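Chemist: Pasting a structure here, questions to come.
No value in this document is a laboratory result; all are computed from the given coordinates. These numbers come from a predicted model, not from an experiment. Here Cβ is always computed from backbone atoms with ideal geometry, including for glycine, and neighbour counts include all displayed protein chains.
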Amino acid sequence: MKPLTKTLTLAAAGLALAGCEKTCPTSNEGEANAPQEAYVNPTYDVTPKEVKTIQWSRKSIAFIVDTSGSMRDRIEGERKIGLAKDALKHILGAYSKHNNSNNDLEAALFCFDGNDGVKKVVGLQKFDYGLLSSKVNDLTADANTPPGKSLAAAERELDAKATGRKYIVMLTDGENNEGWSPEKVFKLINESNEKTGDNKTQLYVIAFNTSKNKFKPLEGLGATVYEAKDGAALLETLVQNAELILEKPLDY
């Protein structure tokens, strides 16, 4: 009976391997070319559960803030994270003034996180300046740099809750060093939106104190990339971006 048992065991193993050809993961999370047709990693799943009708006049914005360790570096004596927080709080005030008159904004806030890669700080909801500015003020810089993971998380939040056009505004000072690349994830977002008939996601990336050339692949996929060398340029860039999203000059 021993030879028969061995034969049956080998046959079962062969069937298991054959079944894995189309269903089992063939690469780990960090590999840029992991085949999506073979394995959908929930961390990067950006397919909406349902496609909702939106109000075209409304804007749904997910802000992503780089809180990696390099944001503790200084520019002319000021830490980059402090400059970023000051600029963000300033521009959030301008968004708030617009929303008080138009009531057409909702926003979410994400940051890089040392434990899970990305953290949802504020879920997408009616624009709340007090809440958003308070949470921005509490941000600390101590994580890796996973913009790809962050894009996927922001897109899922927009797909689940957005009532208006979808926007992602990401401020970062470095290149991806954890998980899938942002261009791979944004390509998946574009493909998912087109395949499901969902509304297009507009992506804006602000290269803070770094070269925008690092994000050329994202530009090739339709993202808008800005370069801001210091705090003053960052604020100016955020104003330009807000005016683009709101389709009108800011009064602040």
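Chemist: Show the residues, 5+ positions off or on another chain, whose built amide H is closer than 5 Å to the amide H of V121.
Modeler: The list, which skips near neighbours in sequence, is L109, F110, C111.
Chemist: Which of the GluC sites (Glu not before Pro) found in the stretch 50-129 are in a DSSP loop and have at most 16 neighbouring Cβ atoms, other than their own, within 10 Å?
Modeler: Those that pass, being in a loop and sparsely packed, are E50, E76.
Chemist: Considering the Cα positions of the stretch 55-246, please state its Rg to one decimal place and its Dmax as a whole number of Å.
Modeler: When restricted to Cα atoms, the stretch 55-246 yields Rg and Dmax of 15.2, 48 Å.
Chemist: Rounded to the nearest 0.05, what FRET efficiency do R74 and K200 have when you use their Cβ-Cβ distance and R0 = 35 Å?
Modeler: The value I calculate is 0.40.
Chemist: If we sort 51-57, 67-73, 168-174 on the protection proxy, mean other Cβ atoms within 10 Å, highest first, what's the order?
Modeler: Top of the packing list down: 168-174, 67-73, 51-57.
Chemist: At what distance in nm do the modelled label points of T53 and N100 sit from each other, each positioned 7 Å from its Cα along Cα→Cβ?
Modeler: 3.4
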